[in-house]
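Participant: Next up is a structure, given as structure tokens.
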Amino acid sequence: MLLSGAVLACLTVLAGMALLGLSGWFISATAIAGLSAVTAFAFDVFMPSSGIRLFTLLRTFARFGERLVSHDATLAVLADLRVRLFRGWAAPQAARKLALRPSSLLYRLTGDIDALDSLYLRLLIPLGAASVATLAAVITLAMIKVELGIAVFLAMALTSLLILQRTCTAALRPARLRAHAVESLRSGTADLVAGQSELLLANRLGAQCQHIERIDARLATYDDQLHRIDTRAVLGFGLLSHLLQATTLLVCGWLVVNQVIALPVAVLAILVTLGMSEPLAALRRGALELGRTTLAASRLGPQLSNRDDWRKLPSVTEKGSNAFILDNISARYEGSSNDCLHGIDMQSQHGERIALIGASGAGKSSLLALLTGELSSRCGSFQIATHGWLTQRTELFQDSLRDNLRLANATASDEQLWQALEIAGLANSIADWPHGLDTLLGEGGIGLSGGQARRLALARLLLRKASVWLLDEPTDGLDALTANDVLNRLDEYGREHTWLLATHLRREARLAERLIQIEHGRITADHQRGSRDYDELLRSLRDD
């Protein structure tokens, strides 16, 4: 479709030039033929008029087809790029980067992807159309006078390349700076809207507004620079067009005077030269935006080029004896100089329940992140069966309850959704709502309380067909009565699942068959249910 759009663009330009040239020839030839009765009766008006109608229809339909095909193809490519980019952010180790830089990555998904359409619509298509138009015009002029065709070609090619080169060079830096300014403006405005309460409490609201004003002033400066460059390019192409027309007019006038060519042929040559200039002028828009386009390509290229090389987590068979195995694992977060996990050795049988206990920052969540691929191991190895992860942070989207649940299982029926909600202790509440599963949530799950959002995330985990549950404080934010009800339901439903539960609460840890204590990223204790050490560790935990 991209190639078809380019071909239709070239066909449109050729049809337009042919229509303009043939119309001029026909009008002048008809006027001359009408000077005498003999030539008037002998002149064939039907063939040229049929050609004019043909080129008119061809130009109209080719233009419509070019707009339809080229834009449809461009939008399809951009949509595919957005899907690939978003899939890249769903890959292991990408969620943390997305959480740290949401506004800049959102700009990658919107502004940078949109900037790539200039590469095809404003650069490649106009370049192809201008090349075809120049070639057709030069051939036409060369058939009239070889020297004229060569002169027009050299003047057109050299001058156009010079104008485009200077436009690209001059616009490269302000176009890139403008792209950076637009991103900063969007990021700053989003921070102002989303964080106005925090900014007000910190007495930074006015400073943030002034920061946005300064960015907007820089943006206006870059817009002014690009406008001046565009004006110079328009002036350059305008002078070139008028110079070529004047030259063609003088040469053709001299040829007519010396009876080398007829007057209608001279009119055709002049109008063909006029039609040749239009597609060349369209290239200036692409030259102006080349800096923005290349900046977007350099940002997106690395993220789009390796999407088929996602690192897959080493897995163990579901029928084996172990659900997961960690062998002398040490790991650290990107940018850190110290390990957060040190020499972790641990394994679990299928159906076993293990609770990771320890103070905040001891390494419990880091161990879960390692098993899901969100944290890379520096040394050692691990394997894990199919798993689902309930993180401390509840991620919900501005969508219906049904679609938020189906993120875990796109083919889940409503019956399965209600079953998961029942186990999570949320079914009765949602059943009382007027729209039930069709209830729309706001951004980040607005419309739900913290406890309801937590239980909805838990229900989503239950819909995922995974033999291993990685649970990070699953009842955090729930009152004791609701939490105990949810844990009792999980206890019954999860009998055939393997649990790895990070917790500091006694009510959660008591469901585990093993308690593993982690301190400063190291396993310091591992006790089975029924032992005195197990009971002592369990009693040391909080009871709420």
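Participant: Identify, by number, the condition in (1) in a helix (DSSP H, G or I); (2) closer than 21 Å to Leu300 by Cα that Ala91 doesn't meet.
Facilitator: Just one mismatch for Ala91, condition (1).
Participant: Regarding Ser321, is this residue hydroxyl-bearing (Ser, Thr, Tyr), more than 34 Å from the chain's Cα centre (by Cα) and over 20 Å from Thr503 (Cβ atoms)?
Facilitator: Values: hydroxyl-bearing (Ser, Thr, Tyr): yes; more than 34 Å from the chain's Cα centre (by Cα): yes; over 20 Å from Thr503 (Cβ atoms): yes.
Yes, satisfied.
Let's see how each residue does on (1) buried (at least 22 other Cβ atoms within 10 Å of the Cβ); (2) polar (S, T, N, Q); (3) out of contact with any helix residue (DSSP H, G or I) (no Cβ under 8 Å at 6 or more places or on another chain):
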{"position": "Gln245", "(1), (2), (3)": "no, yes, no"}
{"position": "Leu250", "(1), (2), (3)": "no, no, yes"}
{"position": "Val257", "(1), (2), (3)": "no, no, yes"}
{"position": "Ala262", "(1), (2), (3)": "no, no, no"}
{"position": "Ala281", "(1), (2), (3)": "no, no, no"}
{"position": "Arg285", "(1), (2), (3)": "no, no, no"}
{"position": "Glu289", "(1), (2), (3)": "yes, no, no"}
{"position": "Arg292", "(1), (2), (3)": "yes, no, no"}
{"position": "Leu295", "(1), (2), (3)": "no, no, no"}
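Participant: Please go through the range 32-84 and pick out each residue that is among the β-branched types (Val, Ile, Thr) and either in a helix (DSSP H, G or I) or surrounded by 15 or more Cβ atoms within 10 Å (Cβ to Cβ) (or both).
Facilitator: Initial filter on the range 32-84 (among the β-branched types (Val, Ile, Thr)): 32, 38-39, 45, 52, 56, 60, 69, 74, 77, 83.
Selection gives Ile32, Val38, Thr39, Ile52, Thr56, Thr60, Val69, Thr74, Val77, Val83.
Participant: Then there's this: Among the candidates Leu515, Leu490, which residue alone is assigned by TED's automatic domain parsing to the domain that holds Gln392 and within 30 Å of Ser449 (Cα to Cα)? Steps first, answer last, please.
Facilitator: Working: Leu515 fails: within 30 Å of Ser449 (Cα to Cα).
None of the others qualify; the one that does is Leu490.
Participant: In the range 464-471, is there at least one residue being in contact with a Lys or Arg (Cβ under 6 Å, 6 or more places away or on another chain) and within 19 Å of Leu390 (Cβ to Cβ)? Before the answer, list the steps.
Facilitator: Applying the first criterion (in contact with a Lys or Arg (Cβ under 6 Å, 6 or more places away or on another chain)) to the range 464-471 yields none.
Checked against the condition, which is being in contact with a Lys or Arg (Cβ under 6 Å, 6 or more places away or on another chain) and within 19 Å of Leu390 (Cβ to Cβ), the range 464-471 yields no hits at all.
Here's the yes/no breakdown for (1) out of contact with any Asp or Glu (no Cβ under 7 Å at 6 or more places or on another chain); (2) modelled with pLDDT under 90; (3) among the small types (Gly, Ala, Ser):
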residue	(1), (2), (3)
Leu471	yes, no, no
Ala480	no, yes, yes
Ala483	yes, yes, yes
Asn488	yes, yes, no
Arg495	yes, yes, no
Ala502	no, no, yes
Glu508	yes, no, no
Gln517	yes, no, no
Gly530	yes, no, yes
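Participant: Tally time: how many residues in the range 336-383 are part of a strand (DSSP E or B) and aliphatic (A, V, I, L, M)? Before you say what the answer is, go through the steps one by one.
Facilitator: Here is the first cut: in the range 336-383, the ones part of a strand (DSSP E or B) are 341-349, 353-357, 377-383.
Imposing the further condition that a residue be aliphatic (A, V, I, L, M) reduces the set to 341, 344, 346, 354-357.
So the count comes out to 7.
Participant: Sticking with this structure for a sec: Can we say Asp230 is loosely packed, with under 14 Cβ neighbours inside 10 Å and part of a helix (DSSP H, G or I)?
Facilitator: On the way: loosely packed, with under 14 Cβ neighbours inside 10 Å: no; part of a helix (DSSP H, G or I): yes.
Judged against the criteria, Asp230 is not a match.
Participant: Also: Has the range 500-510 got any residue that is farther than 30 Å from Asn428 by Cα and of a type in the set (Ser, Thr, Tyr)?
Facilitator: From the range 500-510, those farther than 30 Å from Asn428 by Cα are none; that's our starting set.
No, there is no match, as no residue in the range 500-510 is farther than 30 Å from Asn428 by Cα and of a type in the set (Ser, Thr, Tyr).
The values are calculated or read from the model by the stated rules, or taken from the named source; none is laboratory data. Please read all numbers here as calculations on a predicted model, not as lab measurements. Note: ideal-geometry Cβ built from the backbone for every residue, glycine included; neighbour counts use all protein chains shown.
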